[in-house]
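Computed from the coordinates by the stated procedures, all read-outs in this text should not be read as laboratory data. Nothing here was measured: the structure is a model prediction, and the numbers come from that model. Cβ placement follows ideal geometry from the backbone for every residue including glycine, while neighbour counts extend to all protein chains displayed.
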Amino acid sequence: MLFSREIPVKKSVDICIVGGGAAGVTAAVAAARAGAKVYLAEALGMFGGLGTAGGVPVYMTFTDGINFCADGLGREIKDRMNAEFNLCSGGRGINPEKLKRIYDDMCSEAGVDFSFFTDFIGAESNGRNVTHAIFSSKSGIFAIEAKVFIDCSGDAELTTRAGGEYMYGNEKGEVMPGTVCSHWANIDWQKLRNSGVSVYQQLLKAFDDHIFRNNDPHHTGISQTANTLGGGNMGHIFGLNPLSEESLTAGMVEGRKQSVEFQNFYRKYVPGYEGTELTFTASIMGVRASRRAVGDYILCIEDYRTKRIFDDEIGRYCYPVDIHPSSTDKEEQEKFQKLYSIHYAPGESYGIPYRSLVVKSFDNMLVAGRCVSSDQYMQASVRTMPGCYILGQAAGLAAALAVAKNGMVRDIDVKELQRGLKKMGAFLPNFNE
Ligand SMILES: Cc1cc2nc3c(=O)[nH]c(=O)nc-3n(C[C@H](O)[C@H](O)[C@H](O)COP(=O)(O)OP(=O)(O)OC[C@H]3O[C@@H](n4cnc5c(N)ncnc54)[C@H](O)[C@@H]3O)c2cc1C
């Protein structure tokens, strides 16, 4: 079947960004603050992606133990959260309502033109130059013309639909399992702390009591997000295909069933949770990994091992390789532990080169966030929200510089980018002039 029709070009901008998660918001704010005319399209009714709609309850590390790796916009977001309320869980707990408003405010204050409920559905290109992104919304189908495009969709939607090269999963074509995160009320955190009870040991008891349909020992549990509230990042949807609506649908149904099992478990086995209520399950699947754009450079595990320094470094990060086991099998669990246990000492980190943000197939496209150009191992490190802030702010500033180069992202002066990032506060210890 061929579907063809004329569609209006709604706007002509310098930079068009697809996806307003952690990466998309920071890319948009960095670009708009640098003076570019930015349009940011988001499919949902809020910014934040997995950190808000996805219910991910805590930030992974912002620092390498000594240095603030996600400095610049990452620090600003954290400070804005802190100014409004005391961040729980060792300063890492996320209150999604506050985070949504912080992102709204930052984009509005920077003058980013944005719309929610706007689905990116296709792209037009002229050889290696993408000319238009096509969107579907309540008002119909429309196009946005731009000089530079940034793929912050999490799933490399822009790269793929424009016809660019991408990677998917591991060597067997498998991705990490998903999780339907959850929100919990009425938890007596002090009682839990005073009890000295280990949730994990209680979980093992519950396995023996057949509380769960599937005994999954990789349990990241519930983290404190406010006085009596918690956020659950638990349960795995094994065999999930994040690119299939059928698989995502079955996964959401399964995730909601798992949450009820967790409610039974926590109420009965864990002190402080006796009166807890499951108040909400996430509106979107917690997709840890799916497609990744192929960039001019693919960040790889060797870079982690060697704590590599790059000439075109746009940031450094340090979170371990966190590839969730693909099943509850002992062998899979041990594989996870082996990789995850390669921790850096305080102050150690790996570099992220600008080339890993440059989409190989095009002249005017960048990528940031969990679909950045990386192998499956490094994706499992840099995909955290602080990691996405580092990538997003660099992609946004680089795109703003590329506007003056007719959108050609390889023509920018990388030193100028590094200088600009440093001015924003970015952690670039190897950039010296
Ligand atoms: C279950 C789970 C637990 C995690 N735990 C942690 C944790 O504890 N700490 C931590 O720091 N990180 C954690 N992470 C990782 C982290 O949350 C994500 O990798 C990160 O938030 C990704 O940000 P992003 O901007 O790249 O993508 P996303 O957050 O996925 O944002 C992408 C955005 O693009 C939009 N979009 C997608 N397609 C389209 C389209 N076609 N048109 C328009 N918009 C589109 C989406 O709606 C979404 O808002 C976890 C992830 C998962 C899944």
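With both labels modelled 7 Å from their Cα along Cα-to-Cβ, the V9 to V260 distance reads 5.3 nm. If the Kirkwood radius is taken over C-alpha pairs of region 277-433, then at 37 °C and 0.692 mPa s the Stokes-Einstein diffusion coefficient equals 197 µm²/s.
Each Lys and Arg Cβ is given +1 and each Asp and Glu Cβ -1; about its Cα centre, region 266-418 then shows a dipole of about 220 debye. Give a quick list of trypsin sites (Lys or Arg not before Pro) in region 1-97 that DSSP marks as loop, anything other than H, G, I, E or B, with at most 13 other Cβ atoms within 10 Å. Taking region 1-97 and a limit of 13 other Cβ atoms within 10 Å, the loop trypsin sites (Lys or Arg not before Pro) found are R5. In a reduced charge model with +1 at each Lys and Arg Cβ and -1 at each Asp and Glu Cβ, the chain shows a dipole moment near 440 debye about its Cα centre.
Counting only lysines at least 8 places from K338 when in the same chain, those with an alpha carbon closer than 17 Å to its own are K330.
Calculated from the alpha-carbon coordinates, region 22-123 shows an Rg and a Dmax of 14.1, 43 Å respectively. Compare Q376, Q201, Q333 in a GNM of the chain, Cα atoms joined below 10 Å, and give the one with the largest fluctuation. Looking only at Q376, Q201, Q333, the largest GNM fluctuation is found for Q201.
Computed about the Cα centre, the dipole magnitude for region 182-281 is approximately 300 debye when only Lys and Arg (+1) and Asp and Glu (-1) carry charge, each at its Cβ. Report the trypsin sites (Lys or Arg not before Pro) located in region 209-306 that are in a DSSP loop and have at most 12 other Cβ atoms inside 10 Å of their Cβ, or state none. Taking region 209-306 and a limit of 12 other Cβ atoms within 10 Å, the loop trypsin sites (Lys or Arg not before Pro) found are R213. By the beta-carbon count within 10 Å of each Cβ, the least crowded to most crowded order of D363, D71, D296, D411, fewest first, is D411, D296, D363, D71. Just how many % of Cα pairs in the chain lie over 33 Å apart, if you round to the nearest whole percent? Summing the P(r) tail past 33 Å for the chain gives 32 percent. For the charge dipole of the chain, defined by +1 on Lys and Arg C-beta atoms and -1 on Asp and Glu C-beta atoms about the Cα centroid, which residue among I412, I342, F431 has the Cα displaced farthest towards the positive pole? In the chain, that residue is F431. Listed cross-link partners K11/K405; K100/K415; K307/K415; K335/K360; K100/K138; K10/K415 are compared with a 25 Å cut-off, the Cα-Cα value being larger for K100/K415; K335/K360; K10/K415. In loop segments of region 75-180 as defined by DSSP, the chymotrypsin sites (Phe, Trp or Tyr not before Pro) with at most 14 further C-beta atoms inside 10 Å of their C-beta are F85, F117.
Size descriptors for region 301-391, from the alpha-carbon set: Rg then Dmax equal 14.1, 46 Å. Screening the chain for whole DSSP H helices with an alpha carbon extent of at least 24 angstrom along the helix axis and a mean Kyte-Doolittle hydropathy of at least 0.5 yields 385-403. Placing unit charges on each Cβ (+1 for Lys and Arg, -1 for Asp and Glu) gives the chain a dipole about its Cα centre, and among N227, G295, G72 the Cα reaching farthest toward its positive end belongs to N227. When region 182-281 is described by a simple charge dipole with +1 on each Lys and Arg Cβ and -1 on each Asp and Glu Cβ, the residue from L240, Y273, H218 located farthest towards its positive end is Y273. Stokes-Einstein diffusion for region 141-223 at 10 °C, viscosity 1.306 mPa s, with a Kirkwood radius from C-alpha pairs, works out to 88 µm²/s.
A Förster distance of 41 Å, applied to the separation of the beta-carbon atoms of N432 and K172, puts the FRET efficiency at 0.45.
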